[in-house]
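Participant: One structure, pasted below without further comment.
Read the figures in this text as sums done on the coordinates, not as results from a lab. No experiment lies behind these values; they were computed from the predicted model shown. When we count neighbours, we look across all protein chains shown, and the Cβ atoms used for this are built from the backbone with ideal geometry, even at glycine.
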Amino acid sequence: MPCTINQEPDPEAGRYRWLIQAVDPCKCTEIGMGGFSTFVPYRPYEVTYYDTFLISSDPVEIQQWLNCPACSIEEPLGMEDRRIPDDRITASSVYHGEQATHGAARARLNTEGYAEAWCNDNSDDSPWIQVDFVGSVTVTGLITQRRGDYDQWVTEYQLTYSDDGQSWYNVTGADGIPMKFPGNKGSNSLVTTHFPFALCTRILRIHPTEWNVHCSMRFEVIGCY
């Protein structure tokens with residue numbers, strides 16, 4: 001999410017210092033110059049003051065500058081083992097509306113039976129599938145898999161994320177352009193992709209942009225709670 005860095009009096013230091021106007025600065029994907037205040041405004045959250053400032057649109061640089069914590073132990077977050085309930089996995093559409101056989105819950109890694117993947121509807125030109133973790137988690141990558149019972153797979157996708165389901169942010173590179181991530185090929189092997197920076201978010205949405213025959217996929221989210 002975009003953030004600003006501002007200057008105001010630090011009550012403890014007794015001088016003006018910099019601060020990032022955000023509940024969790026580690027969620028900032030870009031930092032722009034904010035304002036100057038001669039007083040400390042009321043906030044329902046604590047802030048950290050800094051002696052230096054950073055203006056950047058590079059999420060990796062921002063996380064390094066803030067010394068954001070990374071996952072000490074990276075692990076699957078619960079798609080395959082069903083710690084994530086079915087109702088937290090939703091999609092833009094389902095093939096012919098057949099939720100039981102082609103629905104979003106069929107997107108779990110290594111799903112078997114008919115159909116062995118989530119499959120979007122033919123009329124859906126901008127498909128997406130998302131996972132709502134309810135609370136904030138750290139997401140570091142994805143494991144993707146083709147449909148198991150037909151030659152269908154996603155070859156490329158983009159990502160957005162949100163804390164409330166209303167405001168969405170693209171996963172972008174240092175140039176601010178939404179990144180494209182590699183999906184699967186013809187084999188049934190798993191493809192693991194690590195993001196260039198960790199996402200601290202509640203909802204992760206996958207946007208397939210290219211696919212073979214039909215938009216069908218299975219996946220696991222990796223990171224830490």
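Participant: Sorted from largest down, give the three principal axis spans of the alpha carbons of the range 165-225, whole angstrom values.
Facilitator: Principal extents (largest minus smallest coordinate, Cα): 33, 27, 24 Å.
Participant: Please report, in whole Å³, the volume per residue of the convex hull around the C-alpha atoms of the range 131-203.
Facilitator: Details: hull volume 7.5 nm³, N = 73.
Taking only Cα atoms, the range 131-203 has a hull volume of 102 Å³ per residue.
Participant: Could you work out the local net charge near GLY223, counting Lys and Arg as +1, Asp and Glu as -1, over the other residues with Cβ closer than 12 Å to its Cβ? Numbers along the way, then the final one.
Facilitator: Details: positive: none; negative: GLU74, GLU75, GLU220.
That sum, taken over residues with Cβ under 12 Å, equals -3.
Participant: Using the Karplus equation 6.51 cos²θ - 1.76 cosθ + 1.60 (θ = phi - 60°), what ³J(HN,Hα) coupling, rounded to whole Hz, does each residue of the range 79-94 give in order, writing x for Gly and Pro?
Facilitator: So the Karplus estimates, Gly and Pro as x, are 6, 5, 8, 6, 5, 8, x, 4, 6, 9, 10, 10, 9, 5, 6, 9 Hz.
Participant: If the viscosity is 1.567 mPa s and the temperature 4 °C, what translational diffusion coefficient in µm²/s does Stokes-Einstein give for the range 85-215 when Rh comes from Kirkwood over Cα pairs? Intermediate results must be reported in sequence, preceding the final value.
Facilitator: Working: Rh = 15.0 Å.
Estimated diffusion coefficient is 86 µm²/s.
Participant: Quick one: divide the alpha-carbon radius of gyration of the range 13-75 by 2.2 N^0.38 Å and tell me what you get.
Facilitator: Details: Rg = 13.4 Å, N = 63, 2.2 N^0.38 = 10.6 Å.
That works out to 1.26 for the range 13-75.
Participant: Still on this structure, please answer the following. Based only on other Cβ atoms within 10 Å, what is the fewest-to-most ordering of TRP128, TRP18, TRP118, TRP168?
Facilitator: Values: TRP128 20, TRP18 17, TRP118 28, TRP168 14.
Ascending number of Cβ neighbours within 10 Å: TRP168, TRP18, TRP128, TRP118.
Participant: Go through the range 121-225 and name the trypsin sites (Lys or Arg not before Pro) that are in a DSSP coil and have 13 or fewer other Cβ atoms within 10 Å of their Cβ.
Facilitator: Working: sites: ARG146, ARG147, LYS180, LYS185, ARG202, ARG205, ARG218; in loops: ARG146, ARG147, LYS180, LYS185.
For trypsin sites (Lys or Arg not before Pro) across the range 121-225 that sit outside H, G, I, E and B with at most 13 neighbouring Cβ atoms in 10 Å, the list reads LYS185.
Participant: Going from the alpha-carbon gyration tensor of the range 1-135, what semi-axes, largest first and in whole Å, does one get by taking the root of 5 times each eigenvalue? Mind showing how you got there, number by number?
Facilitator: Working: eigenvalues 394, 52, 35 Å².
The three semi-axes for the range 1-135 are 44, 16, 13 Å.
Participant: Sorted from fewest to most neighbouring beta carbons within 10 Å, what does the list ASP81, ASP10 look like?
Facilitator: Details: ASP81 11, ASP10 18.
Fewest to most other Cβ atoms nearby, the residues stand as ASP81, ASP10.
Participant: If I measure Cβ to Cβ between cysteines in the chain, which ones have no partner under 4.7 Å?
Facilitator: CYS119, CYS200, CYS215
Participant: Loop only by DSSP, 10 or fewer other Cβ within 10 Å of the Cβ. Give me the GluC sites (Glu not before Pro) in the range 32-90 that pass, ordered by residue number. Write out the running numbers ahead of the final one.
Facilitator: Details: sites: GLU46, GLU61, GLU74, GLU80; in loops: GLU46, GLU74, GLU80.
Sparse-neighbourhood loop GluC sites (Glu not before Pro): GLU46.
Participant: Sort THR4, THR29 so that the residue with the fewest other Cβ atoms within 10 Å of its own Cβ comes first and the one with the most comes last.
Facilitator: Numbers: THR4 16, THR29 22.
Neighbour counts put them in this order, fewest first: THR4, THR29.
Participant: When the helices in the chain are scored as -39500 (n - 2.57) per DSSP H run of 4 or longer and the sum is shared across all residues, what 222 nm value do you end up with, to the nearest 500 deg cm²/dmol? Spell out each step's value before the answer.
Facilitator: Details: 2 runs with 12 residues, N = 225.
Estimated from H runs of four or more residues: -1000 deg cm²/dmol.
Participant: If you average 1/r across every pair of different Cα atoms in the chain and take the reciprocal, what Kirkwood value do you get, in Å? Intermediate results must be reported in sequence, preceding the final value.
Facilitator: Details: mean 1/r = 0.0529 Å⁻¹.
Mean inverse Cα-Cα distance, inverted, gives 18.9 Å.
Participant: Can I ask one more? What is the range 130-194's relative contact order, in percent, from Cα pairs under 8 angstrom and six or more apart in sequence? Don't skip to the answer; put the middle values down first.
Facilitator: Details: 85 pairs, mean separation 26.6, N = 65.
For the range 130-194, the relative contact order is 41 percent.
Participant: Explain nothing, just compute: Karplus ³J(HN,Hα) = 6.51 cos²θ - 1.76 cosθ + 1.60, θ = phi - 60°, for every residue of the range 188-196 in order, whole Hz, x for Gly and Pro.
Facilitator: Running phi through 6.51 cos²θ - 1.76 cosθ + 1.60 with θ = phi - 60° gives 8, 6, 7, 10, 9, 10, 9, 6, x Hz.
Participant: For the range 137-143, what does the Karplus curve 6.51 cos²θ - 1.76 cosθ + 1.60, with θ = phi - 60°, yield as ³J(HN,Hα) per residue in whole Hz, taken in order and with x for Gly and Pro?
Facilitator: 10, 9, 10, 10, x, 9, 10
Participant: Relative contact order, percent, of the range 29-152 when contacts are C-alpha pairs under 8 Å separated by at least 6 residues? Kindly include the intermediate steps, with their values, before the conclusion.
Facilitator: On the way: 127 pairs, mean separation 25.0, N = 124.
Normalised by residue count, the contact order of the range 29-152 is 20 percent.
Participant: Counting alpha carbon pairs within less than 8 Å and at least 6 residues apart, what relative contact order, in whole percent, applies to the chain? Write down the numbers at each step before the final one.
Facilitator: Numbers: 538 pairs, mean separation 50.2, N = 225.
Once divided by the residue count of the chain, the mean separation gives 22 percent.
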